[in-house]
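Below is one structure, written out as structure tokens; the observations come after it.
The values are calculated or read from the model by the stated rules, or taken from the named source; none is laboratory data. From a predicted model like this one, the values you see are computed outputs, not experimental measurements. Here Cβ is always computed from backbone atoms with ideal geometry, including for glycine, and neighbour counts include all displayed protein chains. Please note that ligands, DNA and RNA were not included when accessible areas were found on the heavy atoms of the full protein model with its side chains. Shrake-Rupley method; radii C 1.70, N 1.55, O 1.52, S 1.80 Å.
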Amino acid sequence: MSRSAHPAGPRHADVLTEGHYSAPAADLNALDPKVWSHTVSRTEDGVVTVGGLEVTALAEEFGTPAYFLDESDFRERARAWRTAFGHDADVFYAGKAFLSRAVVRWLHEEGLNLDVCSGGELATALSAGMPADRIAFHGNNKSGHEIRTAIEAGVGRIVLDSFQEIVRVAHIAQSLGRRQRVQIRVTVGVEAHTHEFIATAHEDQKFGIALADGQAAEAVRRVLALDALELVGIHSHIGSQIFDMAGFEVAARRVVALLAAVRDEHGVELPEIDLGGGLGIAYTSDDDPREPHEIAKALSEIVTRECEAARLRTPRISVEPGRAIVGPTAFTLYEVGTVKPLDGLRTYVSVDGGMSDNIRTALYDAEYSVALVSRTSDAEPMLVRVVGKHCESGDIVVKDAFLPADLAPGDLIAVPATGAYCRSMASNYNHALRPPVVAVKDGAARVIVRRETEEDLLRLDVG
Ligand code: LLP
């Protein structure tokens, strides 16, 4: 489990069980650059700005709740990954973290590739002009229709996830008269230190084909025997929100060992390995993520060393960061509704969104930060739980945090680092209208995903 995926740490547990509030060390008006996007700052009169625009004006124009995505920060992070991995490697942005046509265009312009895992993501990518050969198609249960669409579009690779899928993809490729480039996703048997629901390389879960019992070697045999498939490499994704590089190193070592075994058995050196995504970001000031250049260096060193030892040509490496690119680039802006102090416990601050725009706290016990952004305050810190407006008590956005004690209805608060897996996992629970995503850059803001309307809801309701 990552630091941010932990339930409230001892700091807060002590506070709560002892029934007193201990003041946080930090200045509540300060904005830790670790968790806020690059262009976020405060004006002299205390209003927070992003891309040069004040959140008060943004709230007025676009309403709340809303996600504000810092475009130049997104582009910088995408570029940093691209540069760190250089020309001998490929970076596939994982669209599941957040995908829209504008994002696809930015990625294309910055020279990244794209990982999609559904027909919907593929359609979004293609409609925004991402060249199909720069798209990888993932998923543990791709439909026949999705496979056909991907092959017809000419995707650069399909990542095979099961024995049945090997046959299915080969059959469809053959019927279309195509030879499809594929990778095989293997489970390397690593227990990634993250939340159980987002760890994916231990054996008892639904993804991939196990290395340990010879299943992956058998999958290679079957793929190599099929003319309609061109096996280009092996894929491993060990989980998400991971800080420790050790898991990636073990995965890389085991994948290279499989490449060596394939060479020994078939006389074939597979040209690619993909080490997946999963690099953690800072949700709170306690998190210390690695920089892309450190990650690139660590991965390429280990792959090169292992390949030298096995006397293999070093394959082309690819990675699939999603959260690490988009996560830190957005915050969610909420208006404070009710403020309810519970004596001896904490104060419940209700906002105009909730688990419909950020399910991660309820689902993974994720930790977030929060700040008052429409003004500064010198009031004492108060321990708060930021909750939404949905009809259940698990509707928590930020479990334990400090906000100024003079917080009042109408104030704007923002939760940083909500760029990944918030809008993409948003729901219509209680018929909530999913918030817009507004891209902000150089003093201009534009909606890239509009707010849902009641008409949108009613359009689907055809009974
Ligand atoms: N590649 C593959 C094959 C994946 O399955 C994933 C994420 C990624 C790349 C990107 O991982 P990232 O770099 O974004 O961690 N909803 C969860 C995360 C689920 C991740 C699923 N797969 C959350 O909110 O934490």
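Observations on the structure shown:
- Some residue of the stretch 234-242 being more than 24 Å from ALA296 (Cα to Cα) and surrounded by 22 or more Cβ atoms within 10 Å (Cβ to Cβ): no
- Test set (1) at pLDDT below 95; (2) out of contact with any Pro (no Cβ under 8 Å at 6 or more places or on another chain) - GLY276 fails condition number: (1)
- Test set (1) within 30 Å of CYS391 (Cα to Cα); (2) among the hydrophobic types (A, V, I, L, M, F, W, C); (3) more than 13 Å from the ligand (Cβ to nearest atom); (4) in contact with a Ser or Thr (Cβ under 9 Å, 6 or more places away or on another chain) - LEU345 fails condition number: (4)
- Residue list for the stretch 137-158, restricted to those being of a type in the set (A, V, I, L, M) and open to solvent by less than 30 Å² (accessible area, probe 1.4 Å): ILE147, ALA150, ILE151, VAL155, ILE158
- Any chance LEU126 is at pLDDT 95 or above, open to solvent by 10 Å² or more (accessible area, probe 1.4 Å) and farther than 19 Å from ALA228 by Cα: yes
- Unmet criterion (only one of (1) over 30 Å from ALA366 (Cα atoms); (2) within 15 Å of the ligand (Cβ to nearest atom); (3) free of Cβ contacts under 8 Å to residues at least 24 places away in the same chain) for GLY233: (3)
- Note on the stretch 301-316: residues that are open to solvent by less than 50 Å² (accessible area, probe 1.4 Å) and in contact with a strand residue (DSSP E or B) (Cβ under 8 Å, 6 or more places away or on another chain) amount to 2.
- Residue check for ALA94: within 16 Å of the ligand (Cβ to nearest atom), buried (at least 24 other Cβ atoms within 10 Å of the Cβ) and more than 27 Å from LYS389 (Cα to Cα): yes
- Subset of the stretch 106-123 (residues that are away from the ligand (no atom under 16 Å from the Cβ) and open to solvent by 20 Å² or more (accessible area, probe 1.4 Å)): HIS108, GLU109, GLU110, GLY111, GLY119, ALA123
- Among the residues of the stretch 170-186, some residue qualifies, meaning at least one is open to solvent by 10 Å² or more (accessible area, probe 1.4 Å) and within 12 Å of the ligand (Cβ to nearest atom).
Here's the yes/no breakdown for (1) open to solvent by 60 Å² or more (accessible area, probe 1.4 Å); (2) more than 16 Å from the ligand (Cβ to nearest atom); (3) touching a His at 6+ places or on another chain (Cβ under 7 Å); (4) hydrophobic (A, V, I, L, M, F, W, C):
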site: VAL349; (1), (2), (3), (4): no, yes, no, yes
site: MET355; (1), (2), (3), (4): no, no, yes, yes
site: LEU363; (1), (2), (3), (4): yes, no, no, yes
site: CYS391; (1), (2), (3), (4): yes, yes, no, yes
site: ALA408; (1), (2), (3), (4): no, yes, no, yes
site: HIS431; (1), (2), (3), (4): yes, yes, no, no
site: VAL447; (1), (2), (3), (4): yes, yes, no, yes
site: ASP456; (1), (2), (3), (4): no, yes, no, no
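- Selection count, the stretch 244-296, where residues are open to solvent by 30 Å² or more (accessible area, probe 1.4 Å) and farther than 25 Å from THR329 by Cβ: 15
- Being over 27 Å from ASP411 (Cα atoms), away from the ligand (no atom under 16 Å from the Cβ) and either open to solvent by less than 20 Å² (accessible area, probe 1.4 Å) or modelled with pLDDT of 95 or more (or both) is a property that holds for GLU76.
- Residue match in the stretch 309-325 (condition: closer than 16 Å to ASP88 by Cα and of a type in the set (Asp, Glu)): yes
- Matching option when the condition is of a type outside the set (D, E, K, R), away from the ligand (no atom under 16 Å from the Cβ) and over 22 Å from the mean Cα position of the chain (by Cα), among VAL55, VAL50, VAL40: VAL55
- Considering the stretch 410-429, and only residues there that are within 15 Å of the ligand (Cβ to nearest atom) and open to solvent by 20 Å² or more (accessible area, probe 1.4 Å), the residue that is nearest to LEU279 (Cα to Cα) turns out to be TYR421.
- Among (1) open to solvent by less than 10 Å² (accessible area, probe 1.4 Å); (2) closer than 18 Å to ALA414 by Cα, the one test that VAL103 misses: (2)
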